[in-house]
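So that we are looking at the same thing, I have put the structure below in structure tokens.
FYI, it's all coordinate maths here, none of it is from the lab. Quick caveat, the model's predicted, so the values are computed rather than measured. When we count neighbours, we look across all protein chains shown, and the Cβ atoms used for this are built from the backbone with ideal geometry, even at glycine.
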Amino acid sequence: MGTAVGVNQSDVASEVLIDLTSSTQVKDDPTTVYAVGDIHGRLDLLDAMESRIAADIASSGSERPLICYLGDYIDRGPHSAQVLERLSAASEGQPSRVFLKGNHEDRMINFLVDPVTHGPAWMNFGGREALESYGVTPPVEIDEPTLMDLRDQLDRAVPSAHKTFLDQLALSFRWRGYLLVHAGLNPGRPMEAQAARDLMWIREPFLSSTRDWGCKIVHGHVIVEEPVFRPNRIGIDTGAYASGRLTCLAISTSGERVLQVASD
Ligand SMILES: [Mn+2]
């Protein structure tokens, strides 16, 4: 049995060019944007961060807060399914939320469409932990029949709400002088023609690029010990699954602030 997930987000679609000058806008201009870095199956840290943000909203009196999750919700950490369950659940009232697609979600979506092509890489890449979180036993041998069978097992185990969630992830979010993406942009391409794949997967030459993008790029994807502030980008993936530290960048008219939560 096939799955509807990712049919319009296959490898071919990831080569589609995106015009980032007309990137996702929200109806009510937020007063504060909370950008949350890579969660990777750490439900404990997601819970802690949501409490931290709620407390910050209460104490700062932000009228129209928005939380933008930068992607990589799954893999590596122990609770991928539970994180997707939490994020895909309807949010009650404020704050509104935007969810970006990380390369790990891209890989899972593609695995459900074409397990033979995408399975081997995913299994070396945190996918085993994601399978386990859905109650699917990770493979010993990675051959074609095994991968096809794993796909079918996972397809049955993933609730439709998670599939809809994965299918609806955005690639970027623009707010005032900021552009939020999972990984980064390709300095070899104009803003009007960025590849979807780069937004989810790029490392170099984005990281060392000094290009003025006309806005500050806020991204995750590359693990750093502490958030990195450069003139043209801010990186906030503090490797939660291994470090136990999840980072959020709060951006408002009064500037940028770092919020962090940590386990023990
Ligand atoms: Mn990533």
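Being surrounded by 17 or more Cβ atoms within 10 Å (Cβ to Cβ) and either under 19 Å from residue 73 (Cβ atoms) or over 22 Å from the mean Cα position of the chain (by Cα) (or both) is the filter here, so list the residues in the stretch 114-124 that pass it.
118, 122, 123
Answer yes if at least one residue in the stretch 94-101 is within 29 Å of residue 185 (Cα to Cα), touching a residue at least 60 places away in the same chain (Cβ under 8 Å) and assigned to a helix (DSSP H, G or I), and no otherwise.
Filtering the stretch 94-101 down to residues within 29 Å of residue 185 (Cα to Cα) leaves 95-101.
Checking the rest, the ones that are also touching a residue at least 60 places away in the same chain (Cβ under 8 Å) come to 95-96, 98-101.
Remaining after also requiring assigned to a helix (DSSP H, G or I): none.
The answer is no, given that none of the residues of the stretch 94-101 is within 29 Å of residue 185 (Cα to Cα), touching a residue at least 60 places away in the same chain (Cβ under 8 Å) and assigned to a helix (DSSP H, G or I).
Ok, one more. Of everything in the stretch 52-77, what is within 19 Å of residue 166 (Cβ to Cβ) and either within 16 Å of the ligand (Cβ to nearest atom) or in contact (Cβ under 8 Å) with a residue 40 or more places away in the chain (or both)? Give them in sequence order.
Selection gives 68, 69, 70, 71, 72, 73, 74, 75, 76, 77.
Now for a separate question. Being within 16 Å of the ligand (Cβ to nearest atom) and not hydroxyl-bearing (Ser, Thr, Tyr) is true for just one of 217, 251. Which residue is that?
Checking each option against the conditions leaves just 217.
Could you go through the stretch 213-220 and let me know if any residue there is surrounded by fewer than 22 Cβ atoms within 10 Å (Cβ to Cβ), under 23 Å from residue 88 (Cβ atoms) and either over 18 Å from the mean Cα position of the chain (by Cα) or not charged (D, E, K, R) (or both). Spell out how you get there, then give the answer.
Quick first cut of the stretch 213-220, residues surrounded by fewer than 22 Cβ atoms within 10 Å (Cβ to Cβ) only: 213-216.
Narrowing the set further to residues that are under 23 Å from residue 88 (Cβ atoms) leaves none.
No, the stretch 213-220 has no match at all.
Any chance the stretch 151-167 includes a residue that's crowded, with 19+ Cβ neighbours inside 10 Å, within 14 Å of the chain's Cα centre (by Cα), part of a helix (DSSP H, G or I) and free of Cβ contacts under 8 Å to residues at least 24 places away in the same chain?
No, the stretch 151-167 contains no residue that is crowded, with 19+ Cβ neighbours inside 10 Å, within 14 Å of the chain's Cα centre (by Cα), part of a helix (DSSP H, G or I) and free of Cβ contacts under 8 Å to residues at least 24 places away in the same chain.
Let me ask something else about it. Any residue that is away from the ligand (no atom under 16 Å from the Cβ), charged (D, E, K, R), assigned to a helix (DSSP H, G or I) and over 18 Å from residue 164 (Cα atoms) - is there at least one of those in the stretch 107-129?
yes
Which one is farthest from residue 127 (Cα to Cα) among residues in the stretch 202-233 that are part of a strand (DSSP E or B) and touching a residue at least 60 places away in the same chain (Cβ under 8 Å)? If you could, list the steps in order and put the result at the bottom.
Going through the stretch 202-233, the residues part of a strand (DSSP E or B) turn out to be 203, 205, 216-219, 228-229, 233.
Then keep just the ones that are touching a residue at least 60 places away in the same chain (Cβ under 8 Å); that gives 218-219.
On the way: 218: 26, 219: 22 Å.
Filtering the stretch 202-233 for residues that are part of a strand (DSSP E or B) and touching a residue at least 60 places away in the same chain (Cβ under 8 Å), the one farthest from residue 127 (Cα to Cα) comes out as 218.
Could you list, in sequence order, the residues of the stretch 132-150 that are of a type in the set (Gly, Ala, Ser) and under 22 Å from the mean Cα position of the chain (by Cα)? Write out each step before concluding.
Kept after step one, since they are of a type in the set (Gly, Ala, Ser), are these residues of the stretch 132-150: 133, 135.
Passing the criteria: only 133.
Condition (residue is more than 30 Å from residue 212 (Cβ to Cβ) and either out of contact with any strand residue (DSSP E or B) (no Cβ under 7 Å at 6 or more places or on another chain) or not in a helix (DSSP H, G or I) (or both)) applied to the stretch 168-189: is it met by at least one residue?
Yes, the conditions are met somewhere in the stretch 168-189.
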